[in-house]
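Reviewing the structure listed below.
The values are calculated or read from the model by the stated rules, or taken from the named source; none is laboratory data. Keep in mind the model is a prediction, meaning the values are calculated, not measured. Because the Cβ atoms are built from the backbone with ideal geometry, glycine has one as well, and the counts that use them run over all protein chains shown. When the accessible area is computed, the model is the full protein with side chains, heavy atoms only, and any ligands, DNA or RNA have been set aside. Shrake-Rupley method; radii C 1.70, N 1.55, O 1.52, S 1.80 Å.
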Amino acid sequence: MNYFSNYSIFNSLSPQESDYLTKISVFQKKPKFSFLYLADEPSNHLLFLVKGQIKTGTHSGDGREIIKDIHHPFSIVGELGLVGEKSRNEFARALNEEVHYFTINIDNFKKLMQSNHQLCESILGMIGERLQRAESKLESLIFKDARARIIEFLKDSAIKTGRKVGFELLLKHCLTQQDIANITGTSRQTVTSVLNDLKKENLIHFNRRTILIRDVNTLK
């Protein structure tokens, strides 16, 4: 429960429900770059990430990787199994560090939802947020050019997980430029070009593992 207390969806659990949650959860570790699940595998478990980062995505017909989302500690992955998904429509893979997470069987978690109305509402809200992110990404792909999509990704990532230093935001990450391209629907060459342009304009400074945004309000 020390780990699960970081998930706001469990704030409404009674002591008995909390005990049940700990009984049905299984702690697991995976080494860096390993798959937690693959597309077409059964959607029978939820994943609760407590350490490391995970990317979820698919592969196009020609084998190109398309990253749907990057999940940070205290994210929930695989939640579509709660709303009827029978087999995974995406993969989940660790990034460049070991990941720690809990798995909970979907049927067991549904039993917990049946006894707690607030938990159901929290899950619906979480899935609604996922749909909103997907719609926002689709609109971005349709209406925004490559530079705008890359900048939008940098700003969103820095706001969510960056550390504020005055007007600056320091984003520590474990993504390659190819990963950023796969997330933003661009090419690695385009990502390299845009990052270098932003650096020349003194809007950002970056190296292999960090990106410093000088002022998120002027980054555009």
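Summary table below
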item	result
Accessible surface of region 129-220, 1.4 Å probe, proportion on carbon and sulfur as whole %	53 percent
Heavy atoms of Val50 accessible to a 1.4 Å probe, total area in Å² rounded to 10	20 Å²
Cα gyration tensor shape for region 97-138, rounded if a/c is under 1.5, else prolate or oblate	oblate
Chymotrypsin sites (Phe, Trp or Tyr not before Pro) restricted to region 127-170 and DSSP loop, no more than 13 other C-beta within 10 Å	Phe167
Amide hydrogen neighbours beyond the local backbone of Ser75, cut-off 5 Å, H modeled	Leu49
Note, ³J(HN,Hα) from phi for region 160-177, Karplus 6.51, -1.76, 1.60, rounded to Hz, x at Gly and Pro	6, 10, x, 10, 7, 10, x, 7, 8, 10, 9, 9, 8, 9, 10, 9, 7, 5
Per residue solvent-accessible surface (Å²) - the chain, probe of 1.4 Å	55 Å²
Rounded, prolate or oblate (a/c below 1.5 giving rounded, otherwise prolate when a/b exceeds b/c) for region 1-105 by Cα gyration tensor	prolate
Theoretical gain in end-to-end length, Met126 to Asn89 [0.36 nm per residue, Cα-Cα removed]	11.5 nm
Candidates per trypsin sites (Lys or Arg not before Pro) in region 59-127, loop by DSSP, up to 11 other Cβ within 10 Å	Arg64, Lys86
Pair Lys111, Asn196: separation of 7 Å Cα→Cβ label points (nm)	5.9 nm
Backbone N under 16 Å from the Lys172 label point (7 Å along Cα→Cβ), restricted to region 37-62	51-54
Qualifying trypsin sites (Lys or Arg not before Pro) for region 1-36 [loop in DSSP, other Cβ within 10 Å: at most 14]	Lys32
Structure-based [θ]222 nm, the chain - -39500 (n - 2.57) summed over DSSP H runs of at least 4, per residue, nearest 500	-12000 deg cm²/dmol
Convex hull of region 63-140 built on C-alpha atoms - directionally averaged projected area, nm²	6.8 nm²
Gyration tensor verdict on region 116-220 (Cα atoms; rounded if a/c is under 1.5, prolate if a/b is larger than b/c, oblate otherwise)	prolate
Region 22-83 - percent of accessible surface contributed by carbon and sulfur, probe 1.4 Å	54 percent
Contact order normalised by residue count of the chain, Cα under 8 Å, 6+ apart, percent	19 percent
With eigenvalues of the C-alpha gyration tensor scaled by 5 and rooted, the chain, Å	33, 19, 16
